[in-house]
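The structure appears right after this line, and notes come after that.
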Amino acid sequence: MAATWEQYHYKRISRHWETVEWYWYRINPKSDFIYWHLSPKWAEQIHHPLNGFNEVMITYLLAMSSPTHGVPVDKYYSGWAGQSQTAINYRGGWSGSHDGDHYGNGHTYYGIKLDVGVGTGGPLFFTHYSYFGFDPHSLHDRYTSSYFDNNRNIALINRAYCIANPKHFPGYGPDAWGLTAADGPEGYVPHAPDANYDRGTLVLTGALASFPYTPEASMAALKHYYRDLGSQLWDIYGTRDAFDPGHNWVSPIYMGLNQAPIIVMVENYRTGLVWKEFMSNPEIGEMLKKFDQLTAAH
(Lines give C-alpha, C1' and ligand atoms only; values in the text may rest on other atoms or scores of the structure.)
Protein backbone atom coordinates (compact mmCIF):
# COMPACT_ATOMS: atom_id res chain seq x y z
CA MET A 1 0.00 0.00 0.00
CA ALA A 2 2.77 2.44 0.94
CA ALA A 3 4.66 1.73 -2.28
CA THR A 4 1.52 2.24 -4.35
CA TRP A 5 0.80 5.52 -2.58
CA GLU A 6 4.36 6.71 -3.11
CA GLN A 7 4.36 5.68 -6.76
CA TYR A 8 1.08 7.47 -7.35
CA HIS A 9 2.35 10.74 -5.94
CA TYR A 10 5.76 10.34 -7.56
CA LYS A 11 4.08 10.12 -10.96
CA ARG A 12 1.82 13.10 -10.27
CA ILE A 13 4.67 15.25 -9.02
CA SER A 14 6.92 14.23 -11.91
CA ARG A 15 4.19 15.02 -14.43
CA HIS A 16 3.65 18.43 -12.88
CA TRP A 17 7.39 19.14 -12.77
CA GLU A 18 7.89 18.14 -16.39
CA THR A 19 4.93 20.08 -17.78
CA VAL A 20 5.60 23.49 -16.22
CA GLU A 21 6.40 25.83 -19.11
CA TRP A 22 9.00 27.99 -17.39
CA TYR A 23 10.11 29.57 -20.66
CA TRP A 24 6.60 30.97 -21.18
CA TYR A 25 7.06 33.21 -18.14
CA ARG A 26 9.85 35.06 -19.93
CA ILE A 27 7.18 36.69 -22.20
CA ASN A 28 9.52 36.47 -25.19
CA PRO A 29 12.75 34.60 -26.02
CA LYS A 30 14.85 37.77 -25.66
CA SER A 31 13.70 38.59 -22.14
CA ASP A 32 16.24 38.37 -19.33
CA PHE A 33 13.58 38.00 -16.64
CA ILE A 34 11.05 35.45 -15.50
CA TYR A 35 7.78 37.25 -14.73
CA TRP A 36 5.14 36.99 -12.06
CA HIS A 37 1.42 37.37 -12.76
CA LEU A 38 1.26 36.35 -16.38
CA SER A 39 -2.05 34.71 -17.19
CA PRO A 40 -4.24 33.93 -20.21
CA LYS A 41 -6.80 36.42 -18.87
CA TRP A 42 -4.59 39.38 -18.00
CA ALA A 43 -1.63 38.65 -20.30
CA GLU A 44 1.09 41.18 -19.42
CA GLN A 45 -1.12 43.81 -17.79
CA ILE A 46 0.05 43.15 -14.23
CA HIS A 47 3.32 41.34 -14.90
CA HIS A 48 6.29 41.87 -12.60
CA PRO A 49 9.91 40.97 -13.44
CA LEU A 50 11.53 38.72 -10.85
CA ASN A 51 14.95 39.77 -9.65
CA GLY A 52 16.83 39.39 -6.41
CA PHE A 53 17.80 39.29 -3.74
CA ASN A 54 14.52 38.11 -2.19
CA GLU A 55 12.39 35.00 -1.72
CA VAL A 56 12.03 34.02 -5.38
CA MET A 57 15.52 32.68 -6.09
CA ILE A 58 13.99 29.19 -6.19
CA THR A 59 11.96 30.22 -9.25
CA TYR A 60 15.13 30.72 -11.27
CA LEU A 61 16.81 27.61 -9.85
CA LEU A 62 13.84 25.43 -10.80
CA ALA A 63 13.43 27.05 -14.20
CA MET A 64 17.12 26.48 -14.91
CA SER A 65 16.81 22.84 -13.79
CA SER A 66 13.74 21.89 -15.81
CA PRO A 67 14.38 18.87 -18.06
CA THR A 68 11.65 19.89 -20.50
CA HIS A 69 10.70 23.58 -20.66
CA GLY A 70 13.48 25.41 -18.87
CA VAL A 71 15.32 28.68 -19.27
CA PRO A 72 19.07 29.07 -19.97
CA VAL A 73 21.30 29.14 -16.90
CA ASP A 74 22.69 32.53 -17.94
CA LYS A 75 19.33 34.08 -16.98
CA TYR A 76 20.52 33.83 -13.38
CA TYR A 77 23.01 36.60 -14.05
CA SER A 78 21.02 38.61 -16.59
CA GLY A 79 17.69 38.32 -14.76
CA TRP A 80 17.85 37.26 -11.11
CA ALA A 81 21.17 38.99 -10.40
CA GLY A 82 20.85 41.31 -13.38
CA GLN A 83 22.40 44.74 -13.69
CA SER A 84 19.70 46.32 -15.86
CA GLN A 85 18.21 49.62 -14.78
CA THR A 86 14.92 47.82 -14.14
CA ALA A 87 16.58 45.51 -11.63
CA ILE A 88 18.62 48.28 -10.00
CA ASN A 89 15.56 50.52 -9.59
CA TYR A 90 13.53 47.69 -8.08
CA ARG A 91 16.16 46.83 -5.48
CA GLY A 92 16.81 50.43 -4.56
CA GLY A 93 13.11 51.19 -4.36
CA TRP A 94 12.51 48.26 -2.04
CA SER A 95 15.30 49.03 0.40
CA GLY A 96 15.29 52.80 0.10
CA SER A 97 19.07 52.76 -0.30
CA HIS A 98 21.79 51.96 -2.81
CA ASP A 99 23.14 49.14 -0.63
CA GLY A 100 22.62 45.99 -2.66
CA ASP A 101 20.88 47.69 -5.57
CA HIS A 102 23.37 46.01 -7.94
CA TYR A 103 22.64 42.64 -6.23
CA GLY A 104 26.02 42.44 -4.53
CA ASN A 105 26.15 44.42 -1.30
CA GLY A 106 29.59 44.28 0.34
CA HIS A 107 28.77 46.54 3.29
CA THR A 108 29.19 45.73 6.97
CA TYR A 109 26.36 46.12 9.48
CA TYR A 110 26.89 45.68 13.22
CA GLY A 111 30.29 44.21 12.42
CA ILE A 112 28.81 41.60 10.04
CA LYS A 113 29.67 41.67 6.34
CA LEU A 114 26.84 41.15 3.88
CA ASP A 115 27.83 39.86 0.45
CA VAL A 116 24.33 39.82 -1.06
CA GLY A 117 21.13 41.52 0.04
CA VAL A 118 19.09 44.69 -0.27
CA GLY A 119 19.76 47.29 2.41
CA THR A 120 20.55 45.51 5.67
CA GLY A 121 19.32 42.20 4.30
CA GLY A 122 15.56 42.63 4.20
CA PRO A 123 12.94 40.44 5.91
CA LEU A 124 14.13 37.03 7.05
CA PHE A 125 11.73 35.18 4.76
CA PHE A 126 14.21 36.02 1.99
CA THR A 127 16.47 33.39 3.59
CA HIS A 128 13.76 30.78 4.18
CA TYR A 129 11.37 30.07 1.31
CA SER A 130 13.90 29.40 -1.45
CA TYR A 131 15.83 27.07 0.83
CA PHE A 132 13.18 24.66 2.08
CA GLY A 133 14.55 22.10 -0.36
CA PHE A 134 17.49 23.76 -2.07
CA ASP A 135 20.50 23.47 0.23
CA PRO A 136 22.21 26.88 0.40
CA HIS A 137 25.49 25.12 1.23
CA SER A 138 25.47 23.98 -2.41
CA LEU A 139 25.18 27.40 -4.00
CA HIS A 140 27.76 30.08 -4.66
CA ASP A 141 28.07 32.64 -7.42
CA ARG A 142 30.08 35.68 -8.47
CA TYR A 143 28.84 37.62 -5.46
CA THR A 144 29.25 35.23 -2.53
CA SER A 145 31.22 32.06 -1.84
CA SER A 146 28.32 30.52 0.10
CA TYR A 147 24.64 31.34 0.28
CA PHE A 148 24.44 29.48 3.57
CA ASP A 149 26.98 31.88 5.08
CA ASN A 150 25.27 34.84 3.42
CA ASN A 151 21.88 33.81 4.82
CA ARG A 152 23.39 33.28 8.25
CA ASN A 153 24.80 36.80 8.15
CA ILE A 154 21.39 38.19 7.20
CA ALA A 155 19.94 36.47 10.27
CA LEU A 156 22.77 37.71 12.50
CA ILE A 157 22.31 41.28 11.24
CA ASN A 158 18.57 41.00 11.93
CA ARG A 159 19.25 39.87 15.48
CA ALA A 160 21.95 42.50 16.05
CA TYR A 161 19.54 45.19 14.88
CA CYS A 162 16.91 44.01 17.36
CA ILE A 163 19.47 44.06 20.17
CA ALA A 164 20.55 47.59 19.22
CA ASN A 165 16.86 48.52 18.85
CA PRO A 166 17.44 51.98 17.35
CA LYS A 167 13.72 52.83 17.40
CA HIS A 168 13.42 51.83 21.08
CA PHE A 169 10.53 49.42 20.73
CA PRO A 170 9.65 47.42 23.86
CA GLY A 171 10.26 43.68 23.91
CA TYR A 172 13.26 43.56 21.57
CA GLY A 173 16.44 41.86 22.74
CA PRO A 174 18.91 39.00 22.25
CA ASP A 175 16.14 36.44 22.75
CA ALA A 176 13.39 38.38 20.97
CA TRP A 177 14.25 39.06 17.37
CA GLY A 178 13.28 38.07 13.86
CA LEU A 179 11.82 40.79 11.64
CA THR A 180 10.01 39.39 8.62
CA ALA A 181 6.67 39.62 6.83
CA ALA A 182 3.70 38.85 9.06
CA ASP A 183 0.40 39.89 10.48
CA GLY A 184 0.61 43.08 12.52
CA PRO A 185 -1.59 45.73 14.12
CA GLU A 186 -1.81 47.36 10.68
CA GLY A 187 -2.36 44.11 8.76
CA TYR A 188 -0.03 41.84 6.82
CA VAL A 189 3.12 43.80 5.97
CA PRO A 190 6.87 43.20 5.69
CA HIS A 191 9.04 43.87 8.72
CA ALA A 192 12.79 44.32 8.33
CA PRO A 193 15.81 45.69 10.23
CA ASP A 194 15.73 49.27 8.99
CA ALA A 195 13.93 52.52 9.74
CA ASN A 196 11.38 52.08 6.95
CA TYR A 197 10.19 48.57 7.78
CA ASP A 198 10.70 48.22 11.54
CA ARG A 199 7.28 48.77 13.11
CA GLY A 200 7.75 47.18 16.53
CA THR A 201 6.28 43.80 15.55
CA LEU A 202 8.23 40.64 16.37
CA VAL A 203 7.53 37.58 14.25
CA LEU A 204 8.06 34.09 15.65
CA THR A 205 8.97 32.48 12.34
CA GLY A 206 11.79 34.99 11.88
CA ALA A 207 14.01 33.48 14.56
CA LEU A 208 12.56 29.96 14.59
CA ALA A 209 12.85 29.29 10.84
CA SER A 210 16.46 30.50 11.04
CA PHE A 211 17.53 27.46 13.10
CA PRO A 212 19.94 26.14 10.41
CA TYR A 213 21.74 29.49 10.34
CA THR A 214 21.65 30.54 14.00
CA PRO A 215 20.89 27.44 16.13
CA GLU A 216 21.94 28.87 19.50
CA ALA A 217 20.20 32.22 19.03
CA SER A 218 17.11 30.55 17.57
CA MET A 219 16.91 28.12 20.48
CA ALA A 220 17.19 31.01 22.94
CA ALA A 221 14.32 32.76 21.16
CA LEU A 222 12.25 29.56 21.17
CA LYS A 223 12.71 29.14 24.92
CA HIS A 224 11.81 32.78 25.55
CA TYR A 225 8.71 32.65 23.38
CA TYR A 226 7.52 29.38 24.91
CA ARG A 227 8.64 29.58 28.55
CA ASP A 228 8.23 33.29 29.19
CA LEU A 229 5.49 34.27 26.74
CA GLY A 230 3.84 30.94 26.04
CA SER A 231 0.46 31.85 27.48
CA GLN A 232 0.23 34.67 24.92
CA LEU A 233 2.01 33.22 21.90
CA TRP A 234 1.12 29.51 21.87
CA ASP A 235 -2.25 27.79 21.58
CA ILE A 236 -3.94 24.73 20.15
CA TYR A 237 -2.67 25.30 16.58
CA GLY A 238 0.89 26.21 17.55
CA THR A 239 2.43 29.65 17.35
CA ARG A 240 0.54 32.87 16.95
CA ASP A 241 1.88 34.73 13.96
CA ALA A 242 3.42 37.77 15.65
CA PHE A 243 3.20 40.16 18.57
CA ASP A 244 3.75 43.85 19.22
CA PRO A 245 4.50 44.61 22.89
CA GLY A 246 4.30 48.37 22.34
CA HIS A 247 0.67 48.08 21.27
CA ASN A 248 -0.11 45.24 23.71
CA TRP A 249 -1.10 43.26 20.63
CA VAL A 250 -0.85 39.57 19.75
CA SER A 251 -1.92 38.27 16.36
CA PRO A 252 -5.22 36.40 16.53
CA ILE A 253 -4.24 34.13 13.63
CA TYR A 254 -2.10 31.06 13.03
CA MET A 255 -0.58 31.55 9.59
CA GLY A 256 0.45 28.42 7.72
CA LEU A 257 2.62 30.58 5.46
CA ASN A 258 4.80 31.38 8.47
CA GLN A 259 4.46 28.08 10.35
CA ALA A 260 5.65 25.98 7.40
CA PRO A 261 9.14 27.53 7.39
CA ILE A 262 9.53 26.67 11.07
CA ILE A 263 8.70 23.00 10.50
CA VAL A 264 10.83 22.54 7.40
CA MET A 265 13.85 24.54 8.51
CA VAL A 266 13.97 22.95 11.97
CA GLU A 267 14.08 19.56 10.26
CA ASN A 268 16.84 20.77 7.97
CA TYR A 269 18.75 21.88 11.06
CA ARG A 270 18.15 18.56 12.84
CA THR A 271 18.84 16.09 10.04
CA GLY A 272 19.13 17.93 6.72
CA LEU A 273 16.40 15.59 5.49
CA VAL A 274 14.52 17.90 3.14
CA TRP A 275 17.75 19.32 1.74
CA LYS A 276 19.14 15.83 1.11
CA GLU A 277 16.02 14.59 -0.64
CA PHE A 278 15.64 17.66 -2.83
CA MET A 279 19.30 17.88 -3.79
CA SER A 280 19.34 14.19 -4.76
CA ASN A 281 17.27 15.00 -7.85
CA PRO A 282 19.52 14.55 -10.90
CA GLU A 283 18.10 17.64 -12.63
CA ILE A 284 19.37 19.82 -9.79
CA GLY A 285 22.85 18.33 -10.02
CA GLU A 286 23.02 18.82 -13.77
CA MET A 287 21.90 22.43 -13.46
CA LEU A 288 24.55 23.14 -10.81
CA LYS A 289 27.29 21.73 -13.05
CA LYS A 290 26.27 24.08 -15.87
CA PHE A 291 25.88 26.98 -13.48
CA ASP A 292 29.29 26.42 -11.89
CA GLN A 293 30.87 26.36 -15.36
CA LEU A 294 29.12 29.62 -16.23
CA THR A 295 30.24 31.23 -12.97
CA ALA A 296 33.84 30.08 -13.39
CA ALA A 297 33.97 31.45 -16.93
CA HIS A 298 33.66 35.06 -15.74
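For this structure, a couple of remarks:
- Annotation note: of SER65, SER78, the sole residue that is surrounded by 21 or more Cβ atoms within 10 Å (Cβ to Cβ), farther than 27 Å from ALA164 by Cα and out of contact with any Lys or Arg (no Cβ under 6 Å at 6 or more places or on another chain) is SER65.
- Some residue of the stretch 14-24 being of a type in the set (D, E, K, R), within 25 Å of ASP135 (Cα to Cα) and in a helix (DSSP H, G or I): yes
- For the stretch 207-216, residues that are of a type in the set (A, V, I, L, M, F, W, C) and either without any contact (Cβ under 8 Å) to a residue 40 or more places away in the chain or not in a loop (DSSP other than H, G, I, E, B) (or both) total 2.
- In the stretch 253-298, of all residues being free of Cβ contacts under 8 Å to residues at least 60 places away in the same chain, not polar (S, T, N, Q) and not in a helix (DSSP H, G or I), the one that is surrounded by the most Cβ atoms within 10 Å (Cβ to Cβ) corresponds to TYR254.
- Residue within the stretch 12-29 that is within 26 Å of GLY285 (Cα to Cα), loosely packed, with under 13 Cβ neighbours inside 10 Å and either in contact (Cβ under 8 Å) with a residue 60 or more places away in the chain or of a type in the set (Gly, Ala, Ser) (or both) present: yes
- Close Cβ contacts (under 7 Å, 6 or more residues apart or on different chains) running from residues in the stretch 179-206 that are farther than 16 Å from LEU156 by Cα to residues that are modelled with pLDDT under 95 comprise ASN196/GLY96.
- Scanning the stretch 158-187 for residues that are aliphatic (A, V, I, L, M), within 15 Å of the chain's Cα centre (by Cα) and either surrounded by fewer than 16 Cβ atoms within 10 Å (Cβ to Cβ) or not in a loop (DSSP other than H, G, I, E, B) (or both) gives a single hit, ALA182.
- For first residues located in the stretch 100-113 and more than 21 Å from VAL56 (Cα to Cα), partners that are crowded, with 16+ Cβ neighbours inside 10 Å and among the β-branched types (Val, Ile, Thr) and lie 6+ apart or on another chain with Cβ distances below 7 Å form the pairs TYR109/THR120; TYR109/ILE157; TYR110/ILE157; ILE112/ILE157.
- Pairs meeting the criteria (first residue in the stretch 67-90 and in contact (Cβ under 8 Å) with a residue 12 or more places away in the chain and polar (S, T, N, Q), second residue surrounded by fewer than 18 Cβ atoms within 10 Å (Cβ to Cβ) and in a helix (DSSP H, G or I), beta carbons under 9 Å, at least 6 apart or on different chains) are THR68/TRP17; THR68/GLU18; THR68/THR19; SER84/SER78.
- Just one of the listed residues (GLY79, GLY93) is at pLDDT below 95, in a helix (DSSP H, G or I) and of a type outside the set (A, V, I, L, M, F, W, C), and it is GLY93.
- Looking only at the stretch 140-155, and only at residues there that are within 15 Å of THR120 (Cα to Cα) and buried (at least 21 other Cβ atoms within 10 Å of the Cβ), the one that is farthest from the chain's Cα centre (by Cα): ASN153
The values are calculated or read from the model by the stated rules, or taken from the named source; none is laboratory data. The structure presented is a predicted model; accordingly, all values stated were derived computationally and were not measured. As a convention, Cβ positions derive from the backbone with ideal geometry for all residues, glycine included, and neighbour counts pool all protein chains shown.
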